[in-house]
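These notes concern the structure reproduced below.
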Amino acid sequence: MSLFARPHYTSEITNFIEEMKQKKPTLEAEQRAGRGLLWDKHLDRSAQEEYRQARVQQQAYVYQTKVK
């Protein structure tokens, strides 16, 4: 045994998450499915380039009206 060995420690949060996973084993799969709905999107590169080219440059003082 090492002189500097410490007893195994798990935080309250880790215990809570492990307990939650035990109560609901499908939790991770549901999280991945939810992530897929919100974040894992197919990007249309040509449309992005068109949006970038069509962008109008913002004036220096956004809330100031143009004086003619």
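Computed from the coordinates by the stated procedures, all read-outs in this text should not be read as laboratory data. This one's a predicted model, so the numbers in the text were calculated from it and none came from an experiment. Neighbour counts are summed over all protein chains in view; Cβ atoms, including those assigned to glycine, are modelled from backbone coordinates with ideal geometry.
Within the chain, the chymotrypsin sites (Phe, Trp or Tyr not before Pro) that combine a DSSP coil assignment with at most 14 other C-beta atoms in a 10 angstrom radius are PHE4, TYR9, TRP39, TYR61, TYR63. Considering helices alone, the calculated mean residue ellipticity of the chain at 222 nm is -15500 deg cm²/dmol, with DSSP H runs of length four and up weighted by -39500 (n - 2.57) and normalised per residue.
Here r is the Cβ-Cβ distance between VAL62 and LYS41 and R0 is 25 Å; the resulting FRET efficiency, rounded to 0.05, is 0.30.
Counting other Cβ atoms within 10 Å, keep those with at most 13, restrict to DSSP loop, and tell me which trypsin sites (Lys or Arg not before Pro) in segment 31-67 are left. Taking segment 31-67 and a limit of 13 other Cβ atoms within 10 Å, the loop trypsin sites (Lys or Arg not before Pro) found are LYS41, ARG55, LYS66. For PHE16 and TYR51, the difference between the fully extended length at 0.36 nm per residue and the C-alpha to C-alpha distance is 8.1 nm.
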